[in-house]
1. Run through every distinct alpha carbon pair of segment B:435-479 and return the Kirkwood hydrodynamic radius in angstroms, one decimal place.
2. Would you kindly calculate the translational diffusion coefficient of segment B:202-263, applying Stokes-Einstein with the Kirkwood radius from alpha carbon pairs, for 20 °C and a viscosity of 1.002 mPa s, and quote it in µm² s⁻¹ without decimals?
3. How high is the FRET efficiency between residue B:298 and residue B:321 when r is their beta carbon distance and R₀ equals 35 Å, given to the nearest 0.05?
4. Quick one: plug the Kirkwood hydrodynamic radius of chain A (C-alpha pairs) into Stokes-Einstein at 37 °C, 0.692 mPa s, and report D in µm²/s.
5. I'm a student and want to see the number: the projected area of the Cα convex hull of segment B:238-295, averaged over all directions, in nm².
6. Based on a Kirkwood Rh over C-alpha pairs, give the Stokes-Einstein translational diffusion coefficient of segment A:2-76 at 25 °C and viscosity 0.890 mPa s in µm²/s.
7. Can you pull the one-decimal nm distance between simple spin-label points at residue B:307 and residue B:395, each 7 Å off the Cα toward Cβ?
8. Contour minus end-to-end for residue B:521 and residue B:252, with contour as 0.36 nm per residue of separation and end-to-end as the Cα-Cα distance?
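Taken together, the values in this text are just the output of simple stated rules run on the coordinates, not laboratory data. Predicted model only: the values in this text are computed from it and were never measured. No Cβ is skipped: glycine too gets one built from the backbone with ideal geometry, and neighbour counts run over all protein chains shown.
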């Protein structure tokens with residue numbers, strides 16, 4: 001048994017310790033906003049926060065996540081929704097198919113918390129690992145800037 | 001010349017019934033069984049409404065628009081609901097959408113071809129209008145007024161003396177029973193461009209908020225009690241391998257291993273044979289898929305490579321007896337003999353992968369004699385009967401349930417994942433199975449875009465093209481997936497796959513024009529090939545629009561002026577209503593708009609920089625979306641590295657039902673086109689796709705996305721499809737820009753730095 005703290009709730013999970021966190025989040029806990037894309041940490045669709053850091057949950061073994069504070073898209077902003085990143089994503093109508101967007105927003109939210117006023121090149125570098133197959137990249141870049149403004153009360 | 005899929009579900013010999021039972025709301029739809037029911041309200045009272053039900057309203061006055069399409073990122077339901085709501089005169093807040101289960105009554109349930117809005121706008125407008133008329137008649141009665149003295153606005157019927165009754169009051173207090181004949185439906189006067197208040201507004205897509213808070217439900221998010229997970233084991237060869245024996249000894253050591261499904265006979269729409277591992281958890285199933293030791297018969301394609309497919313194409317093209325004619329006008333041989341300027345070039349495209357970010361999946365189970373298949377699906381009219389055939393049941397014993405899809409691009413027109421999930425569940429005696437493709441499975445067992453090989457030859461005199469010969473060699477996806485859709489060739493010698501050839505029947509005025517369409521059966525057999533966003537126009541316009549630039553330069557003409565000289569709305573290029581009205585003039589206009597906005601030929605450019613133009617009429621000649629592009633590039637002549645500085649796309653869509661939605665489709669499809677043109681290489685070796693995951697294949701990444709300026713041209717003509725056309729216009733614009741920048745002509749997609757360097761050496 002592994003105890004995981006997901007979105008502030010302790011969850012007892014009956015799964016082998018090497019099970020990847022992604023599958024426990026999605027298929028055991030049914031928090032399906034987190035997506036599978038590649039299983040190799042190459043696309044970012046499965047991005048969640050581990051103690052506030054963006055991680056690729058398809059690469060994290062649950063035994064290593066025990067005791068950590070895990071946050072998924074459903075728990076962003078204390079589970080209230082409306083995180084500045086989500087506000088910006090809605091304002092700019094970023095998603096098309098939407099499949100990658102939870103991972104994009106989780107990645108962007110962690111990035112902005114450590115760098116609230118990023119430059120364009122810092123945004124590119126931070127978000128580079130997240131694939132969007134609808135190729136909404138230009139709206140993603142704009143939305144990250146907009147989220148930064150919202151965070152600063154603009 | 002061009003044949004395209006006959007529209008199914010249009011108005012023909014049918015009545016529209018608009019009916020309600022007091023307090024139960026309203027149902028509006030086509031009666032496809034006119035003799036079974038003589039009145040809508042009777043049918044509702046009897047509970048046997050079994051018609052194409054395109055709109056319902058509840059007793060609170062809320063409207064539900066039925067959308068028989070798949071949401072693959074285009075927000076199609078929102079646009080289709082806007083068409084209904086506009087004529088219904090309902091408050092937009094009272095509108096929602098429903099995606100019904102598959103059923104024969106819906107006719108063709110397909111999402112593709114940029115057809116959705118184009119095929120459905122008029123019908124949905126009339127559905128909304130018929131409901132409005134029925135509501136006005138009922139409301140007028142309640143007000144004691146004549147219907148002619150009443151209008152509808154903002155979910156109310158209003159009499160000319162200012163009294164009103166809400167849709168909610170009408171639907172909760174009275175009964176409606178109204179039948180519209182086919183003639184009456186056709187004669188309803190719809191609003192025209194300029195009178196719209198909901199159409200033309202960028203309404204927030206219904207599917208968007210759930211994609212921001214994580215609540216959106218995709219096919220892979222389905223849960224069914226007692227389900228097991230199924231993970232396919234990748235075959236060692238793309239097509240033709242058959243499992244001989246399976247050693248489960250290691251898999252059995254995995255906690256949660258359920259067993260495996262070993263199919264030695266295969267099924268035509270899936271593969272020649274396959275193995276699926278089952279687990280109580282997805283982790284157990286994934287580990288089991290790796291632990292199963294399988295002996296395979298590799299089959300006849302075990303040594304096929306990309307080079308073999310290309311060599312076959314070259315051989316076929318050189319054989320004058322190959323192929324069938326798609327276009328034959330005038331006498332190209334004679335015109336070529338007489339031409340003052342002649343040019344010939346070969347254009348190629350590589351194998352391409354759909355790369356849906358949500359890998360293929362389906363959850364299947366049997367309950368009370370009905371097989372339920374859950375997942376995002378672009379062609380339920382194919383998946384449903386195909387799964388039924390595989391299961392050995394009647395088609396009406398299978399129901400496909402629609403979900404959001406993490407992109408589609410035509411991949412989800414294939415029924416393989418639905419049929420395989422159904423077979424897995426049958427193998428487990430009806431126990432629910434959630435079948436998930438890994439990325440490796442999805443990448444290698446795609447129905448890939450065929451590699452293509454095209455030879456274009458042209459002749460000109462006095463700055464005008466007199467002849468064009470165009471040979472298109474490709475795998476034929478329609479021959480495999482829907483042979484019944486293939487039209488006769490123009491010489492009546494056989495059938496042609498229009499979805500491997502269209503686009504070559506372009507709108508340029510060239511009096512002698514011949515297109516030969518040649519099927520590369522090795523490509524069909526070894527890959528096999530499918531439909532990837534924009535399909536044939538992605539390669540035919542790559543050739544035509546590259547060639548027009550080359551021909552212009554050969555003739556000493558400016559490429560923009562040269563194109564314009566050949567775009568004349570006369571004869572076969574005059575166009576016809578509703579879709580192609582305006583003809584070549586609209587393409588000319590789009591070209592001028594794009595060139596003007598981008599500053600083609602005017603804007604100062606630096607060293608090794610260039611602009612290139614292209615224009616297309618994708619998708620089909622019968623349903624063109626007039627699209628033009630200017631690409632601005634910089635080339636490093638030493639490394640061959642290419643930087644796309646900016647892309648400008650002008651698209652004449654006639655009427656933009658949801659302008660922001662159109663803009664997003666243009667942005668995404670333009671960048672998808674660039675990704676295909678520059679980055680998405682895929683190769684076959686030993687019958688297998690060499691790339692396996694995003695480490696060996698990747699679409700465009702964020703740092704590679706250039707600025708895209710979109711210009712939506714609206715002129716009130718009928719709405720054109722916008723999901724695909726821009727995909728087809730960018731590659732030739734980029735190749736033309738590269739030549740203008742550094743004098744190198746690249747004729748092979750993807751245009752890698754190596755190919756650019758090689759072209760520079762030849763320049």
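1. Its Kirkwood hydrodynamic radius stands at 14.1 Å.
2. 133
3. It comes to 0.60.
4. The calculation lands on 212 µm²/s.
5. Here the figure is 3.9 nm², rounded to one decimal.
6. My calculation gives 208 µm²/s for D.
7. Between residue B:307 and residue B:395, the label points sit 4.6 nm apart.
8. 92.7 nm
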